[in-house]
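No value in this document is a laboratory result; all are computed from the given coordinates. Everything numeric here is computed off the predicted structure, so don't read it as measured data. Ideal geometry is used to build each Cβ from the backbone, glycine not excepted, and the neighbour counts take in all protein chains shown.
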Amino acid sequence: MYQNDAPPSFDELLDSARKSAYHLEMRDTYGVADEAVGFAHWQRTGDRDTDPASPYWEPWVSLISRTVARGVVVRRARIVSEPVSAYIRYEHSSTVVNLGAGEDVRWLPRRRASGLALPGNDFWLIDGHFVRFNHFTGDGDWAAREDTEEPAVAELCATAFAAVWARAVPHDAYEMPSSEHGLDTLAEHVPR
């Protein structure tokens, strides 16, 4: 798929998509470094950057917008435990930016995923045949990526994504249940 056998950058990967780019997220907490400041700020204040032209969002919005403009369907499905973690609330609060860029996003409560065969890691599936797995540490920091065009692996990911997508709730209809003890750490800090 790619010349000189060098793994493609993420931008190159999405720029190569012709029909579809599907992303499955299955963790309740991510601890990636480029979100640390924003997540901490959100936990203190409840304020989340949702400006698509901001330095944080503009590269993503530009990439997704140009991908969708070529006719590529970009879908993101998130499997989440309920009550959701503080991180998932943070992620949910800015999904409007993903939608505005052209992504279609759905949420699947983990209890509704029990009968599904899922791969062990989050992934991007490009055009049904190229898979980029994202590996994370136990604390949720990014660790490594793994690319494959192995047909059986791509089929597993395509089948898993389709099954999740069919059961998942569209973003605009998904209501996150509150925990019995409030809204995690956010409840302690957000002015009412």
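For the range 20-31, putting each phi into the Karplus relation 6.51 cos²θ - 1.76 cosθ + 1.60 with θ = phi - 60° gives couplings of 8, 9, 10, 10, 10, 10, 10, 9, 8, 9, 10, x Hz, in residue order, rounded to whole numbers and with x for Gly and Pro. For the range 7-166, DSSP calls about 55 percent of its internal beta bridges antiparallel.
Annotation note: trypsin sites (Lys or Arg not before Pro) in the range 28-87 located in DSSP loop regions with a Cβ neighbour count of at most 12 within 10 Å are Arg70. Going by neighbour counts of Cβ atoms within 10 Å, the residues Leu14, Leu125 line up, fewest first, as Leu14, Leu125. Of all the options Gly138, Gly46, Gly38, the one that moves most in a Gaussian network model of the chain with Cα springs shorter than 10 angstrom is Gly138.
Relative to the longest principal axis of the Cα atoms of the chain, helix 36-45 runs at roughly 30 degrees.
Mind checking the angle between helix 151-167 and the chain's longest principal axis? C-alpha axes, 0 to 90 degrees, to the nearest 10. Once rounded, one gets 40 degrees. Across the range 10-189, the volume of the C-alpha convex hull divided among the residues equals 117 Å³ per residue. Taking only the C-alpha atoms of the range 93-184, Rg followed by Dmax gives 15.1, 46 Å.
The angle separating the long axis of helix 58-69 from the principal Cα axis of greatest extent in the chain is about 50 degrees.
Annotation note: GluC sites (Glu not before Pro) in the range 115-157 located in DSSP loop regions with a Cβ neighbour count of at most 12 within 10 Å are Glu149. Ranked for footprinting exposure by Cβ neighbours inside 10 Å, fewest first, Phe130, Phe123 give Phe130, Phe123. Extension gain for Asp15 to Ser54 (0.36 nm times residue separation, less C-alpha to C-alpha distance): 11.9 nm.
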